[in-house]
Amino acid sequence: MTRLQVTGARSRRTPVTGPGLLVCTPLRLEARAVRRGLRHPGPGAAQVVVTGYGPRRSGARETMLRDQPFAALAIAGVGGGLAADLRPGDLVVASEVSDGHTVIPCASAALLAGELRRAGLRVRVGRVLTVDHLVRGPERERLAATGALVADMESAVLARAADGRPLAVVRAVSDTPDRPLVSPGALGGGLAALRSLRAAGPALARWAAAVGERQVLLAGPRSFCAGVERAIEIVERALDQKGPPVYVRKQIVHNSHVVAGLEERGAIFVDELSEVPDGASVVFSAHGVSPSVRDEADRRGLTTVDATCPLVAKVHAEARRFASDGYLVALIGHEGHEEVEGTLGEAPDSVALVQTAADVGALQPPDPGKVAYLMQTTLAADEAADIAEALRERFPAARAPGSDDICYATTNRQRAARAVAAEADLLLVAGSANSSNSVRLVETAQRAGTTAYLIDGPSDIELSWLAGVSTIGLTAGASAPPAVVQDIVTALRGLGTVEVSERVITTENIRFSLPKEVRQS
Ligand code: SF4
């Protein structure tokens, strides 16, 4: 099959004349639904044209439309569901459209799909297949086996009119394998599809408003740190050596993509050891565990592999050392974070959590001359420094950690994020919501005065964030895979030409050795 690269190849951010968004709909009914959804389409905003039913009429219109000065092309209509789990009214946003010979990618599909989902619609992203006849009977199953989600008779033909401009294809499912075109449910399916098309209108308008040329500034370093790479490799090796399932206590690192990828390979993530069957193998996550968890695993006779990051283990060792020397240890960190729970568990009677400078006043050390402080490894350096300052003010003899507890990866990513945020209109941080270091990157940029958002992937980007934004800073927390950053850039390219450059404040070449249990590959 030939792949046509049509999106982002030419830039028409502002059309000379004509609409910003041109919407092609094969049928009048579809055009009416989309127009109502767009609310006030008109010259300069959006134009909805009826292009006619089937590939022959579409071909004739495509030739005429190709040279029109629109900024972005959307193709919207109903379609026949191929995948067995689709329901009438579901929307399929094309990641690509194909006529079986040529494939045209729709790079911004994830952005539009996310917007539609936030509007409460059921949305799938995948291939839209254009055929020259209505699909009936067992042919649906055959076409579904090619990976296509929905079939229509126009999209792959009309899509050529985009000719390098941003392209979106949305098909609302009218009929499905269970409710074919000639069936008692056919009318209801058609109405459900038209309702969904109408509901998709505002998201299409926001998609078109986000179209534009952009600069993306990548922060360096970003994404995986040495501790995260080590933890993932430990689970992968355990799976290779022992075979699935391998149990992992808590998320190995705080990232949904990493967890989903390892689950696919046979890892089972549990919250507590009580969920691990007797005799099974269990990996402790990169955030560390308290001694009571290790004791429980020993009592149960579980085979354990410890993926605790060596830099977290260093903080644990410091907590034990200060506690055994009779110090009250003020642990600067966030309540409930697994790393903090692990460190508190090292010396529960001697470690007190301090989350803010105000918490310092509540500390009641038995001996004010014997106070020490430690930090969670993934804190914002500036905030933690303020709390440490408050501790030193109240307890001038307070002992600091031997070396910085906030790890090199956290510090470097915060400095790099600040550097790109200073040049950008907006900073996007790839990372999951429970990732402490990713959240801190957002806060760091916001404190520096730049709008910043945490996103797990491109579908979390709200299109309204992008309207009028020409320079985007992009970074990723230490637990976010590099592939997510690439997915975000690809999706932005679906909105127009993107020039990518990198701001590298330092390079990292740290590697941690693997535990002996998994060292033999
Ligand atoms: S962020 Fe720092 S402490 Fe956490 S796993 Fe990475 S290197 Fe280790």
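The values are calculated or read from the model by the stated rules, or taken from the named source; none is laboratory data. Everything numeric here is computed off the predicted structure, so don't read it as measured data. Cβ atoms come from the backbone with ideal geometry, glycine included; neighbour counts cover every protein chain shown. We work out accessible area using only protein heavy atoms, side chains counted, and drop any ligands, DNA or RNA first. Shrake-Rupley method; radii C 1.70, N 1.55, O 1.52, S 1.80 Å.
Of note:
- Amide H contacts under 5 Å for V103, placed H, 5+ residues apart: T2, R3, L4
- Straight-line reach from K516: taking Cα to Cα under 14 Å and skipping same-chain neighbours fewer than 8 places apart, the aspartates and glutamates in range are E233, D306.
- For region 236-249, Karplus couplings with θ = phi - 60° (6.51, -1.76, 1.60), whole Hz, Gly/Pro x: 4, 5, 4, 5, 5, 6, 9, x, x, x, 10, 8, 10, 7
- For I406, no residue 5 or more places off, or on another chain, has a built amide H under 5 Å of its own.
- By a 1.4 Å probe calculation restricted to protein chains, M153 has an accessible surface near 20 Å², given to the nearest 10.
- For the pair I505 and A84, label points projected 7 Å from Cα toward Cβ lie 5.2 nm apart.
- Couplings for region 222-228, taken from phi via the Karplus curve 6.51 cos²θ - 1.76 cosθ + 1.60 with θ = phi - 60°, read 8, 6, 3, 9, 5, x, 6 Hz in order; Gly and Pro are left as x.
- Helix 54-65 vs. the chain, principal-axis angle (Cα, 0 to 90°, nearest 10): 80 degrees
- Phi-based couplings in Hz for region 341-356 (Karplus 6.51, -1.76, 1.60; Gly and Pro marked x): 4, x, 5, 4, x, 5, 7, x, 7, 10, 10, 10, 7, 10, 9, 9
- Where Rh is the Kirkwood radius over Cα pairs, Rg/Rh for region 78-231: 1.06
- Neighbour-limited loop hits for trypsin sites (Lys or Arg not before Pro), region 48-136 (at most 16 other Cβ within 10 Å; DSSP other than H, G, I, E, B): R66, R122, R136
- Degrees, to the nearest 10: 482-493 long Cα axis against longest axis of the chain: 30 degrees
- C-alpha long axis of helix 109-118 to longest principal axis of the chain, angle in °: 80 degrees
- Residues with amide H under 5 Å from that of S95, placed H, sequence gap 5 or more: G126, R127, V128
- For region 435-518: accessible area per residue (Å², 1.4 Å): 40 Å²
- Filtered GluC sites (Glu not before Pro), region 258-298: DSSP coil and at most 13 other beta carbons within 10 Å: E272
- For the pair D271 and L134, a Förster radius of 51 Å applied to the C-beta separation gives a FRET efficiency near 0.50, rounded to the nearest 0.05.
- Solvent-accessible surface (1.4 angstrom probe) belonging to V170, in square angstrom, nearest 10: 0 Å²
- The label-point distance for D325 and F512, in a model that sets each label 7 Å from Cα toward Cβ, rounds to 2.3 nm.
- R195/A467 FRET efficiency (R0 30 Å; Cβ-Cβ; nearest 0.05): 0.65
- Positive-end extreme of charge dipole, region 140-272 - chosen from A193, V259, L204 (charges on Cβ): L204
- Given +1 at the Cβ of Lys and Arg, -1 at the Cβ of Asp and Glu and no other charges, the dipole of the chain around its Cα centre is 2380 debye to the nearest 20.
- Just the protein heavy atoms count here, and of the accessible area of region 380-521 at 1.4 Å, carbon and sulfur take up 46 percent.
- Rg followed by Dmax, in Å, when the chain is reduced to its Cα trace: 27.4, 87
- With both residues required to sit in region 70-147, DSSP beta bridges show an antiparallel share near 30%.
- Distance from region 90-125 to region 304-337 (C-alpha centre basis), Å: 47 Å
- Alpha-carbon spread of region 197-281, three principal axes, descending order, Å: 57, 38, 21
- Fully extended contour minus Cα-Cα distance, from H334 to E393, at 0.36 nm per residue: 19.1 nm
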